Amino acid sequence: MRYISTRGQSPALTFEEAMMTGLARDGGLYVPEDVPTLTKAQIAAMAGKSYEDVAFEVMRPFIGDTFSDAQFKDLIAKAYAGFGHAARAPLVQLAPNHFLLELFHGPTLAFKDFAMQLIGQMFQAALTRSGERITIVGATSGDTGSAAIEAFRGLQNVDVFILFPHGRVSEVQRRQMTTPVEDNVHALAMDGDFDDCQAMLKDMFNDFAFRDEVRLAGVNSINWGRVLAQVVYYFTAAVSLGAPHREVSFTVPTGNFGDIFAGYIAKKMGLPIADLVVATNQNDILHRTLQTGAYTKEGVVPSISPSMDIQVSSNFERALFDAYGRDGAAVAAQMDDLKSGGFNISQGAYQMLKDTFQSGRASEAETSAAIKHYLAHHGELLCPHSAVGVHVAEDHLGTVPMVTLATAHPAKFPDAVKAASGVAAPLPPRMADLYDRPERVTRVPNDMATLQALIKERIKV
Ligand SMILES: *Cc1c(COP(=O)(O)O)cnc(C)c1O
């Protein structure tokens, strides 16, 4: 299995190389050369199996010979051992044909733990084998950073630096990043918004001298390993609702397009997914794009679902690559136009995207109303991101079962949840002392030279 860049100018890599590299050197994202398919019988055989067993079946064809079967099984087992629910991703019923996939039982209470915990195990195994040391730098709107820090804290051979927009993450998110005591953890509060953090990260990756000097590695949602780990729960959820003998639809609260892209991969692998619905908050570039064919940047307006406050959606490039018939030069040209504000997707590519993804948007008022309504009438306390999903899903309910992804635990966003529902969502007992732990954070300007100097000084190169 080889991985190729969406911009067509970087060499093909193995799974291990693509995972360790993150962003391709031509600025593109790695995608598998071919998506392997599973037969109906293979999917049917997943019924009744553990999350870990399904994870092995789904991911095995993608990893080549990076890990032996026995080692890969062991890494998967370790990755999910710390989850607070035996099913890992339990499905609860909201209404007759509407289900909620609870992806918030990991150590930082958001779905990003599914990918990050596994990436942590895979990185450590690969680095132990090669004897190398790496520097992970990530940008976060809140949940990626806490999940990355949780996955890499205390691991040998890794330093982890996380850039988050100062003042724009929730207190729980911030504390999850600033309270770990391990020396290899560096939380950096940057002046700016999430897009500034993400742009800074991209610039650092494009400074090849720096990238090589500090052995930079990325674990943002552009990392193929992350997308891959997220494909698994589409299978466990669909199979428990009758796939492959029955179709299932999914609604996915979306920011960087990683989670929904994993659903697209699951469909390409043969899972009978009817609709894949993109749900955005008021920062609705993806919804606007799917409605109009024009991908145009607008400023980010902070919302109560901050992990989706994004104006440029990195993983969308992977969908564009397929929409353009895997023409890397066409993707590169569009991405160039994005620097000056946006681009129009060509007719054929737009048609493919419209056929593949549906979309909807929830305003702030609609999000709060959904939190209130679902608590009062369905007994479910939703986080604001999940509420965006549920609100949008309501417009797409039909005869096919709909699964909405619940991407975070309500306790991760207590202020918005309380304001909407009147109910305080308590933290699970295993992290009840979060508010008492001392914080450690460095405030940094939106300036690359300052940041590079800080990173070199902390890792002593
Ligand atoms: C990251 C995140 C999202 C958006 O996921 P993408 O893969 O970036 O689309 C949605 N909800 C929560 C809680 C998140 O942390």
By residue number, the members of segment 241-254 that are open to solvent by less than 10 Å² (accessible area, probe 1.4 Å), away from the ligand (no atom under 16 Å from the Cβ) and in contact with a strand residue (DSSP E or B) (Cβ under 8 Å, 6 or more places away or on another chain) are Val248, Ser249
Only one of Leu451, Leu382 is more than 23 Å from the chain's Cα centre (by Cα) and surrounded by 20 or more Cβ atoms within 10 Å (Cβ to Cβ), namely Leu451
Those residues of segment 77-91 which are assigned to a helix (DSSP H, G or I) and closer than 19 Å to Leu101 by Cβ amount to Ala79, Tyr80
Here, helices (runs of 4 or more DSSP H) confined to segment 4-72 with at least 2 residues that are touching a residue at least 12 places away in the same chain (Cβ under 8 Å), surrounded by fewer than 18 Cβ atoms within 10 Å (Cβ to Cβ) and more than 22 Å from the chain's Cα centre (by Cα) are 40-44
Turns out the helices (runs of 4 or more DSSP H) fully within segment 95-213 with at least 2 residues that are open to solvent by 10 Å² or more (accessible area, probe 1.4 Å) and within 12 Å of the ligand (Cβ to nearest atom) are 194-206
For this session: Determine if segment 379-388 includes at least one residue that is within 14 Å of the ligand (Cβ to nearest atom) and more than 17 Å from Ile304 (Cα to Cα).
Result: no
Within segment 326-342, the count of residues that are closer than 17 Å to Ile4 by Cβ, part of a helix (DSSP H, G or I) and open to solvent by 30 Å² or more (accessible area, probe 1.4 Å) comes to 2
With criteria (1) away from the ligand (no atom under 16 Å from the Cβ); (2) touching an Asp or Glu at 6+ places or on another chain (Cβ under 8 Å), Ile285 comes up short on (1)
Residue pairs within 6 Å by beta carbon, gap of at least six or interchain, first lying in segment 246-259 and touching a residue at least 12 places away in the same chain (Cβ under 8 Å), second within 6 Å of the ligand (Cβ to nearest atom) and acidic (Asp, Glu), listed first then second, are Val252/Asp259
Picked from segment 255-270 (must be assigned to a loop (DSSP other than H, G, I, E, B) and near the ligand (Cβ under 6 Å from one of its atoms)), the residue surrounded by the most Cβ atoms within 10 Å (Cβ to Cβ) is Gly255
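The values are calculated or read from the model by the stated rules, or taken from the named source; none is laboratory data. Owing to the predicted nature of the structure, the values given are computational and were not obtained by experimental measurement. We place every Cβ from the backbone using ideal geometry, glycine too, and count neighbours over all the protein chains shown. Each accessible area value is taken on the protein alone, full model and side chains, heavy atoms only, with ligands, DNA and RNA left out. Shrake-Rupley method; radii C 1.70, N 1.55, O 1.52, S 1.80 Å.
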